[in-house]
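Quick note: the coordinates plus some simple rules give every number you see, no bench work behind them. Here the structure is a predicted model, which means the values were calculated and not measured. Every residue, glycine as well, gets a Cβ built from its backbone with ideal geometry; the counts of neighbours run over all protein chains shown.
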Amino acid sequence: MAVAPIKEGGWVDVPGGKVWFLRVGRRTERPPLLVLHGGPGAPHDFLLPLRDLADERQVIFYDQLGCGNSERPEDNGLWTVDRFVEELHLVRTGLGLEEMHVMGCSWGTMLLTSYLEEHGQDGIVSTVMSGPAISTKIFLDGARGHISSLPEEMRDRIWKAESSGTFDDPGYQEAMMEYYRRHVCRVDPWPEIVNRTFEKMGQAVYRTMWGPSEFTCTGTLKDFDNRNVLRGLDVPVLYTCGEFDEAAPCGVRKYLDITPNAEMVIFPKASHMHHLERPSEFSRAVRGFFHRVE
């Protein structure tokens, strides 16, 4: 489908600074989609293919504080779940999103479930949880399970770096990038929007809240677990993941099993960025889900 024209960009004041947003497409009778990027600290660029959905509804992106096009204050005390929840609330109210669908991607599902717990479900038509990380333990069980498929030398480098804390070691970095090529984005070479996401990454946010890599969590999210929120959801939920996703299908099914009104799609031969690897299938699945719940 044709990509809808850019409608509007701007800024919202939030605790600690200003965040940048982008509306794509024209407002229609259908509720808009608000997209919560991953990371934490991985800006919206890799999610831009979701513009395809803007032929039916407005799609809204924003870069969370500390990354991408948003301001980057140096105060690491700002990088808390509670502050990001308040930021999301201010973005929603500032943009007048009384009724909306919300898609959380990876860390975005931590943010989304925390928002639902704090602010409730009023006006939320549905949620899409893409490559969910609602429990750090479940996410890491899946992510670290994939390490066993790496070459032995790379596995050894990972365990050595973890035991010594030398995460900047070139051997660890090489192993990390091989893991990313297998389980974060399998498109070869990486699309420009993925490279741009990593270039504009909020490293301070990522390292403070998560850690040195996707499969090693040393930050403040290491004990995060919002499974209790899932049990109380009334809104429809679509879980998505790739066959080789670091958010492994076996882990995502654990969320599915405790969510009252939920369904799940696994995209074959895809990984964490399955919306890039299987774009038409992903768009069709999300579009169909929105139509059913509306």
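See the values below:
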{"item": "Eligible lysines near K269 by straight Cα distance, threshold 23 Å, same-chain separation 8 or greater", "result": "K254"}
{"item": "Summed side-chain charge close to V187 - residues other than V187 whose Cβ falls under 13 Å, Lys, Arg +1, Asp, Glu -1", "result": "+2"}
{"item": "Solvent-free Debye scattering, log10 I(q)/I(0), computed from the Cα coordinates of the stretch 134-219 at q = 0.15, 0.25, 0.26 Å⁻¹", "result": "-0.59, -1.47, -1.49"}
{"item": "Integer Hz, Karplus 6.51/-1.76/1.60 couplings in order for the stretch 187-197, x for Gly and Pro", "result": "6, 10, x, 4, x, 4, 5, 6, 4, 5, 4"}
{"item": "Residue-by-residue Karplus 3J(HN,Hα) for the stretch 90-95, coefficients 6.51, -1.76, 1.60, Hz, glycine and proline x", "result": "5, 5, 4, 5, x, 9"}
{"item": "Amide proton proximity set for F224, modelled H, under 5 Å, gap of 5+", "result": "T136"}
{"item": "Angle in degrees between helix 107-119 and the longest Cα principal axis of the chain, rounded to the nearest 10", "result": "50"}
{"item": "Helical contribution to [θ] at 222 nm, DSSP H n ≥ 4, -39,500 (n - 2.57), averaged over the chain, rounded to 500", "result": "-11500 deg cm²/dmol"}
{"item": "Cross-link partners of K200 among lysines (Cα-Cα below 26 Å; sequence separation of 8 or more within a chain)", "result": "K7, K18, K222"}
{"item": "Residue-wise HN-Hα coupling along the stretch 170-179, computed from phi with Karplus coefficients 6.51, -1.76, 1.60 (Hz; x: Gly, Pro)", "result": "x, x, 5, 5, 5, 5, 4, 5, 5, 4"}
{"item": "Amide H contacts of M264 (H built 1.01 Å from N, under 5 Å, at least 5 apart or other chain)", "result": "Y239"}
{"item": "Option label - Cα extents along the principal axes in Å computed here, alternatives (i) 86, 36, 31; (ii) 56, 48, 31; (iii) 55, 40, 37", "result": "(iii)"}
{"item": "Most mobile listed residue (V19, V237, V229) in the chain, GNM with C-alpha springs under 10 Å", "result": "V229"}
{"item": "Cα long-axis angle, helix 152-164 against the chain (0 to 90 degrees, to the nearest 10)", "result": "90"}
{"item": "Simple spin-label estimate for S148 and R182 in nanometres, 7 Å along Cα-Cβ", "result": "1.2"}
{"item": "Tilt relative to the chain, helix 136-145 - C-alpha long axis, 0 to 90 degrees, to 10", "result": "50"}
{"item": "Kirkwood-based Rg to Rh ratio, the stretch 43-114, C-alpha trace", "result": "0.96"}
{"item": "Distance between modelled label sites at E8 and D257, nm, 7 Å Cα→Cβ extension", "result": "4.5"}
{"item": "Residues listed by number, the stretch 157-185, amide nitrogen under 19 Å from N76 label point at 7 Å toward C-beta", "result": "162, 164-169"}
